[in-house]
Amino acid sequence: MLQVHQLARRMRRHPKGMSTMVADLTSTERGSSCEVLLRALGRQLDENDATDVRVLEVPSGFFVQFRQHGGTNQLVTLDRTYKDLANRQSSFPYPHVLKRHRSMGHVSYENLFRALGYELDQVSAWTLLIEELTDGLMLTYQFLNPVEGYMMHKKIVTPTWEETEALVQSATSRRKKKRRKLLLIGA
C-alpha cells in the first residue's frame, strides 16, 4: 500500500492528471463487474457444496478457501482468475437448481455473492475480503471518496445472516422490477 506522501508525489508527476492517477491505482484486471464475477464464484461454491468460505481478491482474480459440507475437514483452495470467472459466467445454463447451505438458511452463495457484488459495484470497491462467520459474514473492501480528496478508505461490514437474506431479497425484487420494465418496453 502506498503511503500518503508517496501517493501525493505520484499524483503531482502523473502525466494524465490526478483523476487518471487514481483510476490507475484502483484498477484491476477485472474487466467485469463484481456482481458478475462474484456470482460465478458463488455458483462454483454452491456446486462444491462449500461451507466456511473465505474469498480474498488478489491482483489477478480471487483466492478462495472453503470446506466441503459433509466431507473431510480439510480446506479446499482455489485460485480463480477474472478471465476464468467471466468465461464461466457467460456459459451458465439456465435455469439452475441451486444447492442451499444449511447455516445460510435459504440463501445460496450464488445469490448472496451476486447481491454483494451489486452493492460493491455501487461504491467502486476493490481489494475484497469475504469471510463466512458463524453468525454472518465479514466483508472488507477499499474505496475512494472523491469528496474527501481521493483518499483511499477501508470499510469493514459484518452483516448477520438475517441481514444477508434481506439483501438477497432486495436484489431479487430489483431484478424482477427490471424484468417487468423490459417486458413493458418490449426490449
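For the range 105-127, does any single residue satisfy the condition of being surrounded by fewer than 16 Cβ atoms within 10 Å (Cβ to Cβ), in a strand (DSSP E or B) and modelled with pLDDT of 90 or more?
Looking for residues that are surrounded by fewer than 16 Cβ atoms within 10 Å (Cβ to Cβ), in a strand (DSSP E or B) and modelled with pLDDT of 90 or more, one finds none in the range 105-127, hence no.
Out of the range 59-84, which residues are free of Cβ contacts under 8 Å to residues at least 12 places away in the same chain and not in a loop (DSSP other than H, G, I, E, B)?
Within the range 59-84, no residue meets the criteria.
Tell me whether the range 10-22 contains one or more residues that are at pLDDT below 75 and β-branched (Val, Ile, Thr).
The answer is yes, given that some residue of the range 10-22 is at pLDDT below 75 and β-branched (Val, Ile, Thr).
Residue pairs, Cβ under 9 Å, 6 or more apart or interchain, first in the range 156-170 and under 11 Å from Leu139 (Cβ atoms) and β-branched (Val, Ile, Thr), second surrounded by 14 or more Cβ atoms within 10 Å (Cβ to Cβ) and modelled with pLDDT under 90. List them.
Qualifying pairs under 9 Å: Thr164/Met104; Thr164/Val107.
Restricting attention to the range 143-173, which residues are touching a helix residue (DSSP H, G or I) at 6+ places or on another chain (Cβ under 9 Å) and within 18 Å of Leu129 (Cβ to Cβ)?
Within the range 143-173, Phe143, Leu144, Met152, Pro159, Thr164, Leu167 qualify.
Examine the range 55-65 for a residue that is modelled with pLDDT of 50 or more and over 24 Å from the mean Cα position of the chain (by Cα), and state whether such a residue exists.
No: the range 55-65 contains no residue that is modelled with pLDDT of 50 or more and over 24 Å from the mean Cα position of the chain (by Cα).
The values are calculated or read from the model by the stated rules, or taken from the named source; none is laboratory data. Note that the structure is a prediction, hence the values are computed from the model and not measured. Every residue, glycine among them, receives a Cβ derived from its backbone with ideal geometry; neighbour counts consider all protein chains shown.
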